[in-house]
Amino acid sequence: MEEGVRGAIKKGLAGIAFTDHLDLMTPDDDERFRFDPTEARQKIERLRGVYGLNIFSGIEAGVHPLSAQTVKKFLSGYEFDVVIASVHYLDGVDPYTGDFYKGKTLKESYGRYFEAMYESISVLEDFDILGHYDYIGRYSPYQDRSVRYRDFPDIFDAIFKYLIDNGKSIEINTNTYRLRDNIAPPQPDFHILKRYKELGGELVSLTSDAHSVDRIAGDFHYYMQFIKSCGIGYLSYFCNRQAILEKIV
């Protein structure tokens with residue numbers, strides 16, 4: 001964590017949030033995706049006293065239809081500045097491995113992912129940001145991996161309305177759009193955020209999902225302008241589970 005704080009200061013950031021990754025009820029019961037939020041928060045509080053930087057305590061809670069109630073109960077026992085809800089596993093696999101896509105067209109695999117996302121967040125309820133909604137495109141085998149609103153308008157509208165009605169933010173995660181294995185990465189669809197805005201969406205959070213110091217705030221300048229071009233003038237971050245808006249300049 002301390003290395004991350006120093007990296008944020010070096011890049012001139014006003015703050016950084018640590019959102020360690022939690023996934024419960026994974027297919028192989030992977031212990032790597034469990035951690036003690038109390039210990040993490042204590043480390044962050046210590047760092048707050050050393051560095052002149054806003055340091056936020058958070059969690060990226062992986063959720064799927066079968067785990068939503070269990071995750072919800074787990075989260076109720078801890079305090080966070082921000083909770084990100086992300087879908088990693090569904091139907092017994094992680095799309096990261098590639099197995100999920102076998103025998104499916106893009107519309108079939110992506111459509112199933114968004115249906116599971118809507119179901120999961122509707123049960124979970126207790127979160128602030130919908131994480132990397134286009135994770136399903138990050139590791140997909142299709143020639144054009146991008147997620148587009150025109151292919152899934154009904155389920156996107158349902159997800160957006162849930163977020164808007166419940167004061168949740170949607171995340172633009174720059175880690176999704178970086179080059180991997182020399183394969184063209186998915187690209188964000190202007191029409192997704194435009195439609196979110198049309199329905200009344202105002203909360204958009206820009207994150208780098210860094211995993212390493214060199215990727216902190218990766219490509220933020222470019223994606224801030226992308227978000228602004230969609231008609232959204234502010235970015236949102238969270239402190240004590242309350243949204244704070246910062247004007248995009």
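For this structure, a couple of remarks:
- Residue satisfying condition, being more than 26 Å from Tyr96 (Cβ to Cβ) and either in contact (Cβ under 8 Å) with a residue 40 or more places away in the chain or basic (Lys, Arg) (or both), within set Leu199, Leu163, Leu235: Leu199
- Per-region count, the range 169-206, residues outside any loop (DSSP other than H, G, I, E, B), within 22 Å of Tyr142 (Cβ to Cβ) and among the polar types (S, T, N, Q): 4
- Ser229 among the polar types (S, T, N, Q), out of contact with any Pro (no Cβ under 6 Å at 6 or more places or on another chain), modelled with pLDDT under 95 and more than 24 Å from Ser122 (Cα to Cα): no
- Residues (in contact with a strand residue (DSSP E or B) (Cβ under 7 Å, 6 or more places away or on another chain) and either without any contact (Cβ under 8 Å) to a residue 12 or more places away in the chain or not hydrophobic (A, V, I, L, M, F, W, C) (or both)) located in the range 1-29: Gly4, Gly15, Thr19, Asp20, His21, Asp23, Pro27
- Search result, residues across the range 218-249 that are in a loop (DSSP other than H, G, I, E, B) and over 15 Å from Phe56 (Cα atoms): Gly218, Asp219, Cys230, Gly231, Ile232, Gly233, Ile248, Val249
- The listed residue being of a type in the set (Phe, Trp, Tyr), within 15 Å of Ile164 (Cα to Cα) and within 16 Å of the chain's Cα centre (by Cα), out of Tyr135, Tyr118: Tyr118
- Near pairs, Cβ below 8 angstrom, 6+ apart or cross-chain, from the range 71-88 (of a type in the set (Ser, Thr, Tyr)) to any residue that is assigned to a loop (DSSP other than H, G, I, E, B) and at pLDDT 95 or above: Ser76/Asp126; Ser86/Val63; Ser86/Gly131; Ser86/His132
- Within the option set Asp99, Asp94, being within 27 Å of Pro186 (Cα to Cα) and in contact (Cβ under 8 Å) with a residue 40 or more places away in the chain holds for one residue only, Asp94.
- Residue within the range 151-173 that is among the aliphatic types (A, V, I, L, M), surrounded by fewer than 20 Cβ atoms within 10 Å (Cβ to Cβ), touching a Leu at 6+ places or on another chain (Cβ under 7 Å) and modelled with pLDDT of 95 or more present: yes
The values are calculated or read from the model by the stated rules, or taken from the named source; none is laboratory data. Because the structure is predicted, anything quoted here is derived from the model rather than measured. Cβ: placed from backbone, ideal geometry, glycine included. Neighbour counts: every protein chain shown.
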